[in-house]
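The values are calculated or read from the model by the stated rules, or taken from the named source; none is laboratory data. Just so we're clear, the structure is a prediction, and the values are computed from it rather than from any experiment. Cβ atoms come from the backbone with ideal geometry, glycine included; neighbour counts cover every protein chain shown.
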Amino acid sequence: MTKSLDEIIDSILGNVYPLFEAHPEMQKLLRDMSLAVCADSASVSPEDQMFPASLARKGISLFEANYNAILGQVQSFDSNFKIACGPGCSYCCSSHITVTPQEGFNIGLHLAATRDADKFTALAEQCLEIAADLESITLEEFAKNYFQACPFLNDGKCSIYEVRPVLARNWISTEVQACKKSFDSKNKITVPQNSLIMVQKDLIYAGQAAYLAGFGIDGNICSFMPLMAQIMTDFEGTYSRWLSGEKLNGQM
């Protein structure tokens with residue numbers, strides 16, 4: 001049975017709605033914003049040669065616009081609210097993250113265009129090594145126990161910064177010391193975050209997944225390393241399987 005756009009969006013935002021349980025008007029706003037993302041995605045098509053990259057870039061652009069607008073509103077109510085993240089800070093870059101398939105393909109294309117063959121192969125092997133743990137444990141266990149530096153991190157800086165996933169853009173903090181404590185505890189200590197800001201990534205996920213569902217494509221998020229290992233070792237085959245509706249490695 002085919003799900004409606006609302007049903008797809010509501011299923012993806014199921015972990016977000018409880019945060020605003022006392023504010024049904026906010027739940028409606030988040031759903032409407034996701035529907036707007038879905039509608040905006042219609043300007044790109046799976047028939048386009050650069051479809052995944054175009055869709056990923058569109059998601060990044062929409063996220064940045066939403067994020068900046070919400071951040072501005074939060075700061076208008078609290079002038080002391082400041083983002084602590086900055087160049088050289090990489091405490092969160094050893095955490096498990098998720099990406100959309102289109103983001104993974106976009107990163108793969110970027111790496112193919114900017115790395116020589118030896119460097120590309122070395123990065124692919126690192127992703128494969130990290131993802132190998134998933135062969136003997138569940139995805140939930142893999143994510144829960146994950147703690148290792150991202151292979152795309154160089155000297156404390158992101159080497160794929162311009163194409164980094166939406167989640168990495170949304171993973172913000174207002175207190176560096178809290179991030180350090182979390183890092184030192186291997187993510188056992190939670191970093192305080194603003195809920196309204198942190199759900200902006202979910203609106204992009206929900207809207208684009210609903211759009212892709214119209215083509216029979218699974219747009220659900222994936223664990224970053226298993227997906228990149230698959231894409232970097234077999235881009236064309238992985239892309240073909242994705243377009244045909246198959247689930248990818250680490251997809252939820």
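A few remarks follow.
- Counted residues, the range 11-34 - those being in a helix (DSSP H, G or I) and either within 20 Å of Gly216 (Cβ to Cβ) or more than 18 Å from the chain's Cα centre (by Cα) (or both): 15
- Test: residue in the range 222-235 that is surrounded by fewer than 19 Cβ atoms within 10 Å (Cβ to Cβ), modelled with pLDDT under 95 and not in a loop (DSSP other than H, G, I, E, B): no
- Single residue of the range 67-82 satisfying the filter (part of a loop (DSSP other than H, G, I, E, B) and touching a residue at least 60 places away in the same chain (Cβ under 8 Å)) that is surrounded by the fewest Cβ atoms within 10 Å (Cβ to Cβ): Lys82
- Filter pass, Glu64 being over 17 Å from Gln230 (Cα atoms) and outside any loop (DSSP other than H, G, I, E, B): yes
- One residue stands out among those in the range 151-174 that are more than 26 Å from Ala65 (Cβ to Cβ) and not small (Gly, Ala, Ser): the one that is surrounded by the most Cβ atoms within 10 Å (Cβ to Cβ), which is Pro151.
- Sole exception among (1) surrounded by 17 or more Cβ atoms within 10 Å (Cβ to Cβ); (2) closer than 19 Å to Asp218 by Cα for Lys3, by number: (1)
- Checking each residue in the range 156-185 for being in a loop (DSSP other than H, G, I, E, B) and at pLDDT 95 or above picks out Ser159, Ile160, Arg164, Pro165, Ser185.
- Scoring Ile197 on the criteria (1) β-branched (Val, Ile, Thr); (2) modelled with pLDDT of 95 or more; (3) surrounded by fewer than 23 Cβ atoms within 10 Å (Cβ to Cβ); (4) under 16 Å from the mean Cα position of the chain (by Cα) leaves a single failure, condition (2).
- Taking the range 143-153 as the range and being outside any loop (DSSP other than H, G, I, E, B), at pLDDT below 95 and not small (Gly, Ala, Ser) as the test, the residues that pass are Lys144, Asn145.
- Selected residue [of a type outside the set (A, V, I, L, M) and more than 30 Å from Ile189 (Cα to Cα)] from Ser90, Ser61: Ser61
- Set Glu175, Glu162, Glu246, Glu236: member being among the acidic types (Asp, Glu) and within 24 Å of Ile8 (Cβ to Cβ): Glu246
- Residue match in the range 43-53 (condition: surrounded by 12 or more Cβ atoms within 10 Å (Cβ to Cβ), under 16 Å from Lys201 (Cα atoms) and in contact (Cβ under 8 Å) with a residue 12 or more places away in the chain): no
- Out of Cys85, Cys38, Cys93, Cys89, sole residue that is closer than 16 Å to Asn170 by Cα, in contact (Cβ under 8 Å) with a residue 60 or more places away in the chain and part of a helix (DSSP H, G or I): Cys93
- Flag if Thr190 is exposed (fewer than 14 other Cβ atoms within 10 Å of the Cβ), among the polar types (S, T, N, Q) and more than 19 Å from Gln102 (Cα to Cα): yes
- Within the range 14-42, the set of residues being under 26 Å from Leu243 (Cα atoms), surrounded by fewer than 19 Cβ atoms within 10 Å (Cβ to Cβ) and either among the hydrophobic types (A, V, I, L, M, F, W, C) or touching an Asp or Glu at 6+ places or on another chain (Cβ under 6 Å) (or both) comprises Leu35, Ala36, Ala39, Ala42.
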